[in-house]
Amino acid sequence: MSSNRVLTVRRHRPGPSLLDRINPNAGGIDCRADTLYVAVLPTRDPMPVRAFPAFTTRLHRLAEWLTICKVTTVAMESTGVYWVPLYEIVEARASESSLSMLGM
């Protein structure tokens, strides 16, 4: 016996965010072995989510991009030691800019 019920799907309507923005100068980084995925507020850059390969020169570009986007705090997520090189690069730049790491 088959059911003739109609399945209704509720579509997400764009609107104001349900989450409060506590720190608009914050960014987020997902650290993986070969690529780091970085997100900033859409008002800071036309392309607010970017992927950076895990090479030293690209990590320097990532830190520079965060500075250009006026990001002062970064939260990182990593399941391994993939965050260490970026952390060292950002810490070295900390005296030059106001960028700092929030946590791992």
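Since every read-out is calculated from the coordinates, none of them should be taken as a lab result. Computed from a predicted model, the values in this text were never measured in an experiment. Here Cβ is always computed from backbone atoms with ideal geometry, including for glycine, and neighbour counts include all displayed protein chains.
What list do you get for TYR82, TYR37 if you sort them by fewest beta carbons within 10 Å?
TYR37, TYR82
Towards the positive end of the charge dipole of region 26-103, with charges on Cβ (+1 Lys, Arg; -1 Asp, Glu), say which of ALA63, MET47, MET76 has the farthest Cα.
Farthest towards the positive pole: MET47.
Got the relative contact order for region 26-103 handy, in percent, Cα pairs under 8 Å and 6 or more residues apart?
Relative CO of region 26-103 lands at 31 percent.
Taking the Cβ of each residue in ILE89, ILE29 as the centre, tally the other Cβ atoms inside 10 Å and list the residues starting with the fewest.
Result, fewest neighbours first: ILE89, ILE29.
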